[in-house]
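The values are calculated or read from the model by the stated rules, or taken from the named source; none is laboratory data. All values derive from a computational prediction rather than experimental measurement. With ideal geometry, Cβ positions are generated from the backbone for all residues, glycine too; neighbour counts draw on all protein chains shown.
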Amino acid sequence: MKRLVISVLFAIFLFSFPVFAQDKVSIILSAKNIVGYTGERTEVDAIIENQQSIKDKFSISIWPPYWGGISVKAEKYLVEISKNSNQTIKIYFDIAVNADEIYSPFNLSVRSLNDESISDFETLKLTVIRKDPIYISDIKLDKYTLDPQEELKIDIHITNLDEDVYEQATLETNIKKDGITVYRFDDLLKNLPGKDTQKIEHLYTFDKYAEPGVYSVEATLKDILNRIIGSKNINLRLNAISNITHRKVVSYGLMLQTITIKVKNEGNVPSTSFYVTEEIPSFMRHLFYPIGHYTSEVAQDRIFYHWLIPDLIPREERIIKYQINLWNVWIIILVVIVCTIFAFRYVYGPKIVKKFTHFGAISTEKEITISLDVRNRSRHDIKDVIVKDFVPSIVKVVGKFGTVKPSLKKTEIGTELTWKFKSLGPKEERVLTYAIKPVVEIMGTLKLPHARIRYVDKKKVRKTIASKRMVIKAR
């Protein structure tokens, strides 16, 4: 049926031309019957002879330009030929891989641009032979631009044009970058049904460090003898991703704390140089010890330390370290603890307060009342409590003991007063008073020594606490 259609069209084409002046131009073909194979290109030479005594321009036309999967084109469609000369051009026949097996005529004609009556034509017959009944009919991607670690879906369609089952073939699919294979899939195809298309599907995930740029997916079909039947390719683009990560690890020691910062290029393109910055309060200046090459700057109450990181290629890692010296911290903590203990003991332990009552001049006529306030501010009993005070020889004790009378012991330098108690309970308080008089007129100040309290605590440890010294000024 196809041959009949071609013959009819060819006849119509011939009768549409005027009478040719064949004695002035002619076409000579290197072959009038040629054979071509599916998926290949075949060619023939056409010699155009200008038999005129003048130079002329000629147009070349081919009909039909496309038929049954066969595309025909001339090397040139316009030639200029000198008088009584010729020129050879090539005629190309590109036969699709799925072209029909046909025997088809093609008409080549040449015509002068100056005189349309000067023309000629020649018929060439092409026989198409199918080399293999199967071929790669299509290759598709679910996306043509993607990021690293993104999945790519590849669909390859294999078509069998024959009526019979195709027993065995292999499909090799390569993912390439700059002509180098980065991954390969191999499929064994068996018993491909006739007049049918089979889809082969593959999934591929690009590594997060994969080089960005244009990749190609190339599919190659081979027969049972490993001969290439056909191939097809398609391009895709992998995006460039910049991703610099910082991971901080702290290791603790008794007196030293080490901080490690791991900087890594987790992208797929090299990074430019950059800085890693750590900041600390100014008061930590003497505790902070950076390691390696760094710069620093002070801004208000903060100190900034900068480490320069040069270019990092994908997957490359650099390490930054600094230390915090805890010696000073421990010393401060120890001082705080000691102060806290002493403060606790001062606030919640036994206490003795020495006071006086006096106004005016310090004379032999006026008595001075001394009071000792003894308090047990702890939550436990204290035992074997002894309260002692001392009066220098410049004054004398005149009695007037308001509460408990002490025992008195005179010495060359003064008088010692002693009070004894078996115990004092928690929060118990005793106020002890006595009176003194100067033995001489005192014009300035009278200094009295501190009083003491001795006791045994709950751990049966004897302790001593003293009051402040006392200074009495004449008024």
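When each of Lys177, Lys190 is tested for being touching a strand residue (DSSP E or B) at 6+ places or on another chain (Cβ under 9 Å), more than 17 Å from Lys131 (Cβ to Cβ) and surrounded by 14 or more Cβ atoms within 10 Å (Cβ to Cβ), the lone residue that passes is Lys177. Going by what's in this entry, would Arg130 be described as basic (Lys, Arg) and closer than 30 Å to Ile62 by Cα? Spelling it out, Arg130 is indeed basic (Lys, Arg) and closer than 30 Å to Ile62 by Cα. Can Ile234 be described as hydrophobic (A, V, I, L, M, F, W, C), without any contact (Cβ under 8 Å) to a residue 24 or more places away in the chain and over 30 Å from Phe304 (Cβ atoms)? Against the criterion (hydrophobic (A, V, I, L, M, F, W, C), without any contact (Cβ under 8 Å) to a residue 24 or more places away in the chain and over 30 Å from Phe304 (Cβ atoms)), Ile234 does not qualify. Checked against (1) within 34 Å of the chain's Cα centre (by Cα); (2) crowded, with 17+ Cβ neighbours inside 10 Å, Tyr166 meets all criteria but (1).
Run down Ile136, Ile158, Ile154, Ile175 and say which single residue is more than 19 Å from Asn235 (Cβ to Cβ), touching a Leu at 6+ places or on another chain (Cβ under 9 Å) and outside any loop (DSSP other than H, G, I, E, B).
Values: Ile136 fails: more than 19 Å from Asn235 (Cβ to Cβ); Ile154 fails: more than 19 Å from Asn235 (Cβ to Cβ); Ile175 fails: more than 19 Å from Asn235 (Cβ to Cβ).
None of the other options fit; the residue is Ile158.
Listed here are the residues, each with its yes/no results for (1) surrounded by 13 or more Cβ atoms within 10 Å (Cβ to Cβ); (2) under 30 Å from Ile158 (Cβ atoms).
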{"residue": "Asp45", "(1), (2)": "yes, no"}
{"residue": "Ser61", "(1), (2)": "yes, no"}
{"residue": "Val72", "(1), (2)": "yes, yes"}
{"residue": "Val79", "(1), (2)": "yes, no"}
{"residue": "Gln87", "(1), (2)": "yes, no"}
{"residue": "Val97", "(1), (2)": "yes, yes"}
{"residue": "Asp100", "(1), (2)": "yes, yes"}
{"residue": "Leu113", "(1), (2)": "no, no"}
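Taken over the range 397-408, the criterion of being at pLDDT 90 or above and of a type in the set (Lys, Arg) is satisfied by no residue.
Please verify whether Val385 is of a type in the set (Val, Ile, Thr) and modelled with pLDDT under 90, treating the condition exactly as stated. Please lay out each step first, then the result.
Values: of a type in the set (Val, Ile, Thr): yes; modelled with pLDDT under 90: no.
The answer is no for Val385.
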